[in-house]
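Inspection log for the structure reproduced underneath, given as C-alpha cells.
The values are calculated or read from the model by the stated rules, or taken from the named source; none is laboratory data. Note that the coordinates shown come from a computational prediction; the quantities given were computed from them, not determined experimentally. All Cβ positions, even for glycine, are placed from backbone atoms using ideal geometry, and neighbour counts span all protein chains on display. Areas reflect the complete protein model, heavy atoms only, side chains present, ligands, DNA and RNA absent. Shrake-Rupley method; radii C 1.70, N 1.55, O 1.52, S 1.80 Å.
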Amino acid sequence: MSTPHIEATQGDIAKTVLMPGDPLRAKTIADTYLDNVTQFNTVRNMFGYTGTYKGKVISVMGSGMGMPSIGIYSYELYTKYDVENIVRIGSCGAYSDTLNLYDVLLAESAYSESTYAYVQSGTYKQHYTYPSKHLNERLEAAAHELAIPITKGTIHSSDVFYRERFDDYKTIRDDHGAIAVEMEAFALFHNAKQLGKNAACLLTVSDSLVTKEATSAKERQNAFTNMMEIALSLAE
Ligand code: HPA
C-alpha cells in the first residue's frame with residue numbers, strides 16, 4: 001500500500017525515522033552508518049532507507065526543504081506507515097552570538113509566522129509548536145552519554161530563506177526568543193501533536209546571521225557526525 005509520495009509497503013519503515021532535508025544526505029547516512037539496508041522510496045528521488053545501527057532498526061528519509069514538504073512526508077509516515085517517532089536532523093543559521101558554528105542544537109520549541117498549523121487543522125492560530133518531551137529527554141541523555149555538548153532553545157521555522165530585510169532576524173530573536181533559524185520543525189511538531197505521535201529536531205549551526213560566517217561543506221560533515229551519533233541512539 002503506497003501513498004501519493006511514498007512507495008513503501010507496510011512494515012518497510014521503522015518506528016523511528018531520521019529526516020535530513022537532503023535525500024542524498026539520507027543515502028549517505030544509510031551508506032555510512034547502517035547495515036542490512038533496504039531502500040523503501042525513490043518517488044521524486046526523496047530517498048528513504050531502513051537498516052540497522054548496532055543491531056537495532058531505524059529508518060532515514062529526506063524531507064525536502066520547507067514546511068509544505070516535511071508536512072507531506074511526515075503526515076504520510078505517521079498515518080500510513082505506523083511511524084511513531086520522527087527526528088529532523090538538519091542545519092540552521094544562528095541568530096544569537098552565544099552560538100558558534102558547528103554547535104549542536106536541540107529544539108525546545110519552534111516559533112513561526114507560518115499559517116501551517118492553522119491551515120492544517122483549523123484549530124487555532126498558534127505561533128509556537130513543541131517537540132516530544134520524551135524524545136528530547138532521550139536525545140539529551142544520549143548526548144550526555146556521548147560527551148557531545150548540546151544547546152537547547154527555541155528555533156525559528158521560517159518560510160523564507162532569502163529575506164529582503166536582512167535585519168528582521170533581530171526582531172524575531174528579541175521578540176520571540178529564537179536563537180537559530182531553519183525551515184521545517186514547526187510543521188513537523190504540529191503534525192506529530194495532531195496525530196498523537198512524537199517528533200524532535202536536532203540541528204548543527206551551518207552559518208551565522210550575526211557574524212555572517214559560513215561553513216564549508218567539508219567542515220559541515222564533521223559537525224554532522226556528532227549530531228548523527230546522538231540521533232542514531234534512538235534505533236530500537
Ligand atoms: N535560514 C533558513 N534556514 C537555514 C539557514 C538560514 O539562514 N541556515 C541553515 N538553514
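Numbers at a glance
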read-out: Any hit, the stretch 193-209, residues being within 11 Å of the ligand (Cβ to nearest atom) and part of a loop (DSSP other than H, G, I, E, B); value: yes
read-out: Test for Ile86: is it surrounded by fewer than 23 Cβ atoms within 10 Å (Cβ to Cβ) and β-branched (Val, Ile, Thr); value: no
read-out: Residues within the stretch 151-171 that are surrounded by fewer than 19 Cβ atoms within 10 Å (Cβ to Cβ) and of a type in the set (A, V, I, L, M), tallied; value: 1
read-out: Flag for Asp103 being touching a residue at least 12 places away in the same chain (Cβ under 8 Å), within 13 Å of the ligand (Cβ to nearest atom) and acidic (Asp, Glu); value: yes
read-out: Answer residue from the stretch 172-214, given it is among the polar types (S, T, N, Q) and either modelled with pLDDT under 95 or open to solvent by less than 40 Å² (accessible area, probe 1.4 Å) (or both) and is farthest from Glu113 (Cα to Cα) among those; value: Thr211
read-out: Of the criteria (1) within 16 Å of the ligand (Cβ to nearest atom); (2) part of a helix (DSSP H, G or I); (3) open to solvent by 70 Å² or more (accessible area, probe 1.4 Å), which one Asp31 fails; value: (1)
read-out: Residues (β-branched (Val, Ile, Thr), open to solvent by less than 60 Å² (accessible area, probe 1.4 Å) and outside any strand (DSSP E or B)) located in the stretch 36-79; value: Val43, Ile70, Thr79
